[in-house]
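The structure appears below as structure tokens.
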Amino acid sequence: MVIFGLGGTAQDALRYSKLCINAIFHEPLERSAAIKLVRSTRMLVVHEFQRYLRVPVMTEVRLVTGDGGRVTATSQEISSGGMSLKGTHPPETGTPVEVSFSLLTLPRVWVRGNVAWKKSDKSFGIRFDSTDERRQRLKEWLAAYLES
């Protein structure tokens, strides 16, 4: 989220910085200056959107648990940090898994992760291993999805 202030001076902006104001529209408000300010904060919004973007997409996901068990589930949402799924036999919270899935234009991806949560409605969440470099393909796909 970007928080804009309206009016005031640079000193006023510093005084109100505890309110987490990211940018100030100076008075009198001029169209060209306002457009320039909004454009300059665009990357803050894009970065946050990429960081927390959850794409609602349904695809078959195969999981291999740490003990060699196999589970098939359906994705509900996916982000660069993990995914939420629904399946008939969700693994227990904390279980290490390797997930594999395909997305529209993205060929099959394999990523390590852990079951982060599990609900009684048979939905569960996977948090991807941040050190797994194979996650990069997913990040690129999500960035391209954002741009389209």
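Points to keep in mind about this one:
- Test: residue in the stretch 20-35 that is outside any helix (DSSP H, G or I), modelled with pLDDT of 80 or more and among the polar types (S, T, N, Q): no
- Residues (over 16 Å from residue 123 (Cα atoms), among the hydroxyl-bearing types (Ser, Thr, Tyr) and not in a loop (DSSP other than H, G, I, E, B)) located in the stretch 59-99: 65
- Sole exception among (1) touching a residue at least 24 places away in the same chain (Cβ under 8 Å); (2) outside any loop (DSSP other than H, G, I, E, B) for residue 108, by number: (1)
- Index of the failed condition, residue 120 passing every other in (1) without any contact (Cβ under 8 Å) to a residue 12 or more places away in the chain; (2) among the hydroxyl-bearing types (Ser, Thr, Tyr); (3) not in a loop (DSSP other than H, G, I, E, B): (3)
The values are calculated or read from the model by the stated rules, or taken from the named source; none is laboratory data. Note that the coordinates shown come from a computational prediction; the quantities given were computed from them, not determined experimentally. Please note: Cβ atoms are built from the backbone with ideal geometry, for glycine as well, and neighbour counts cover all protein chains shown.
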